[in-house]
Amino acid sequence: MTAGAQPRIDLPRLLDRIARLGQVGAIEGGGVSRLALSEEDRLGRDLVCGWMRELGLAVSVDRIGNVVGVRAGREAGPPVMTGSHIDTVRTGGRYDGNLGVLAGLEVMAALDDAGIVTRRPLAVAFFTNEEGARFAPDMMGSLVFQGGLALEDALATVGVDGTTVGENLRRIGYDGPAPVGGNRVHAFVELHVEQGPVLEHEGDTIGAVTGVQGIHWIEFTVEGVSNHAGTTPMALRRDAGLVAARIACFARDLARRSGGAQLATVGQVNLFPNLVNVIPSRAVFTLDLRNTDGAALRAAIEACLAYARQAAREEGVRVSHRVLADFEPVEFDEAVVARVEAIARRRGLRVRRMPSGAGHDAQMLARMCPTGMVFVPSVGGLSHNVKEYTHDRDIEAGAGVLLDLMLELSEQ
Ligand code: GLV
Ligand code: MN
Ligand code: MN
């Protein structure tokens, strides 16, 4: 690097950006609602793009709406990239994803302050629809960026409100001109809140993330017969709601029997006609299955599907399903993981290696370049919750590790 002063994170500047972005789509309780490609997402994007331009980054928007800001290096070539997402679940916090993007901007600002030009270019990105809460699958933008999902298929995806990714991208003006696929990235590193309790519980400040567990999302549709709640004997019902409940309980029991690594969540349930005195004729619900072990995850999926068929037979209803997301477990680059650990130790921070329970854009970038992640603690292990919080000192620590990591990777 061409030397100037020692670069350092300006915590108040980073916190100010987190607070200002957190005001876009703010909801009661201190949280944020910025579903992918919503009006709030557009406003958040505009704000972050403005900051990118203020920092003199060369900003491009690609055809799936991913935004990349590049800071030139002394040499041309693929950048060392950081970034994450700024979309949120409907009842999200202000840190999930946002921290990684804004810490990336702070790295750029810190280098500007110190008058440093790195050997390789640096880039900070935010990827479209990481959450998958409106359009499945999650990590959609980074998946298209990496080439794992065709642009046309992503654009045609219909969301929970019946509209497509493509029409919403056009509506908010982020159907950019830059082509997707064929991007080259030297290395990718993402700072993120842990979203779980481990770091806080262990008294560690930094997680050197070793990989991301496998994720499988299924949407079930159960079709029975609506009838009167007061006149239909229990034995003669074809109750779609009951079968949904049975599958949900089975998945939970399966996960508990499997002893820890298997997770199962029914997060969305829609019953029709959804009335107090009518047996449901239809249930549409989602099942989120995760496991760090790919083979065990496959077995859990098969067991849930087999049980769904059995319960449907027993209750005289029809069940069908479609897969909304399917991602194998991912291992991050050992050299990057070791570098995160070494940097944290050098900075006097307690660090532990750990897998990620949540999905992240980094798991898609890992398919194309050496990749790693840095976690900082989530207070109370809370995330996808308006009360999500990370202490300022931990934000400063994580951003400092990200700064050193990007500097090292840019010179290497
Ligand atoms: C993304 O936030 C996921 O892990 O569901
Ligand atoms: Mn996230
Ligand atoms: Mn999330």
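Got a number for residues in segment 102-148 being within 16 Å of ligand 2 (Cβ to nearest atom), of a type outside the set (K, R) and assigned to a loop (DSSP other than H, G, I, E, B)?
Qualifying residue count for the region: 12.
Test V317 against the stated conditions and say whether it is in contact with a helix residue (DSSP H, G or I) (Cβ under 8 Å, 6 or more places away or on another chain) and either more than 16 Å from ligand 3 (Cβ to nearest atom) or not aliphatic (A, V, I, L, M) (or both).
On the way: in contact with a helix residue (DSSP H, G or I) (Cβ under 8 Å, 6 or more places away or on another chain): yes; either more than 16 Å from ligand 3 (Cβ to nearest atom) or not aliphatic (A, V, I, L, M) (or both): yes.
Yes, satisfied.
Does segment 149-163 hold any residues that are surrounded by 15 or more Cβ atoms within 10 Å (Cβ to Cβ) and in contact (Cβ under 8 Å) with a residue 24 or more places away in the chain, and which are they?
Hits for segment 149-163 are L151, A154, L155, G159.
Would you be able to tell me the number of residues in segment 171-217 that are within 16 Å of ligand 2 (Cβ to nearest atom) and more than 18 Å from L149 (Cα to Cα)? Steps first, please.
Kept after step one, since they are within 16 Å of ligand 2 (Cβ to nearest atom), are these residues of segment 171-217: 188-196, 199, 207, 209, 211-213, 215, 217.
Now narrow it down to the ones that are more than 18 Å from L149 (Cα to Cα): 188-196, 199, 207, 209, 211-213.
Residues meeting the conditions: 15.
Given the conditions (1) assigned to a loop (DSSP other than H, G, I, E, B); (2) of a type outside the set (D, E); (3) within 25 Å of L21 (Cα to Cα), report the number of the one that L169 does not fulfil.
(1)
Which one is farthest from ligand 1 (Cβ to nearest atom), of the residues in segment 76-101 that are assigned to a loop (DSSP other than H, G, I, E, B) and of a type in the set (S, T, N, Q)? Please lay out each step first, then the result.
Initial filter on segment 76-101 (assigned to a loop (DSSP other than H, G, I, E, B)): 76-79, 85-91, 93-97.
From what is left, the residues that are of a type in the set (S, T, N, Q) are 88, 91.
Details: T88: 9, T91: 13 Å.
Among those that are assigned to a loop (DSSP other than H, G, I, E, B) and of a type in the set (S, T, N, Q), it is T91.
Show the residue pairs that are 6+ apart or on different chains and have beta-carbon atoms under 9 Å apart, the first residue being within segment 192-217 and of a type in the set (F, W, Y), the second being more than 14 Å from ligand 2 (Cβ to nearest atom) and assigned to a strand (DSSP E or B).
Matching pairs, first to second residue: W217/T286; W217/L287; W217/D288; W217/L289; W217/V323; W217/L324; W217/A325; W217/D326.
What residue, of R347, R313, is surrounded by fewer than 22 Cβ atoms within 10 Å (Cβ to Cβ), free of Cβ contacts under 8 Å to residues at least 24 places away in the same chain and away from ligand 1 (no atom under 16 Å from the Cβ)? Working first, answer last.
Values: R347 fails: free of Cβ contacts under 8 Å to residues at least 24 places away in the same chain.
Selected residue: R313, the only one of R347, R313 that is surrounded by fewer than 22 Cβ atoms within 10 Å (Cβ to Cβ), free of Cβ contacts under 8 Å to residues at least 24 places away in the same chain and away from ligand 1 (no atom under 16 Å from the Cβ).
Can you tell me which residues in segment 70-94 are touching a Phe, Trp or Tyr at 6+ places or on another chain (Cβ under 9 Å) and farther than 16 Å from E130 by Cβ? Give the derivation first.
Initial filter on segment 70-94 (touching a Phe, Trp or Tyr at 6+ places or on another chain (Cβ under 9 Å)): 80-87, 93-94.
V80 - this is the single residue of segment 70-94 that is touching a Phe, Trp or Tyr at 6+ places or on another chain (Cβ under 9 Å) and farther than 16 Å from E130 by Cβ.
For segment 93-133, what are the residues that are acidic (D, E) and buried (at least 22 other Cβ atoms within 10 Å of the Cβ)? Show your work before the answer.
At the first step, the residues of segment 93-133 found to be acidic (D, E) are 96, 106, 112-113, 130-131.
Passing the criteria: D96, E106, E130, E131.
Checking the structure you have, find out if any residue of segment 60-75 is surrounded by fewer than 24 Cβ atoms within 10 Å (Cβ to Cβ), among the small types (G, A, S), within 25 Å of the chain's Cα centre (by Cα) and more than 16 Å from ligand 1 (Cβ to nearest atom).
Yes; the residues of segment 60-75 include at least one that is surrounded by fewer than 24 Cβ atoms within 10 Å (Cβ to Cβ), among the small types (G, A, S), within 25 Å of the chain's Cα centre (by Cα) and more than 16 Å from ligand 1 (Cβ to nearest atom).
Look through segment 381-397, keep the residues that are among the β-branched types (V, I, T) and in contact with a helix residue (DSSP H, G or I) (Cβ under 8 Å, 6 or more places away or on another chain), and return whichever of them is farthest from ligand 1 (Cβ to nearest atom). Can you show your working first?
First pass over segment 381-397, keeping only residues among the β-branched types (V, I, T): 386, 390, 395.
The next check asks that each one be in contact with a helix residue (DSSP H, G or I) (Cβ under 8 Å, 6 or more places away or on another chain); those that pass are 390, 395.
Values: T390: 16, I395: 19 Å.
Ranking the candidates gives I395 first.
Of the residues that sit in segment 156-202 and are farther than 18 Å from G65 by Cβ, of a type in the set (D, E) and more than 18 Å from the chain's Cα centre (by Cα), which one is nearest to ligand 3 (Cβ to nearest atom)?
That would be E200.
Those residues that are away from ligand 1 (no atom under 13 Å from the Cβ), assigned to a loop (DSSP other than H, G, I, E, B) and under 21 Å from N291 (Cα atoms), I need them from segment 352-380; list them, please.
Within segment 352-380, A366, R367 meet the criteria.
Laboratory data are not the source of any read-out in this text; all were calculated from the coordinates shown. Small disclaimer: the values here were computed from a predicted structure and weren't measured. FYI the Cβ positions are ideal-geometry reconstructions off the backbone, even for glycines, and counts take in every protein chain you see.
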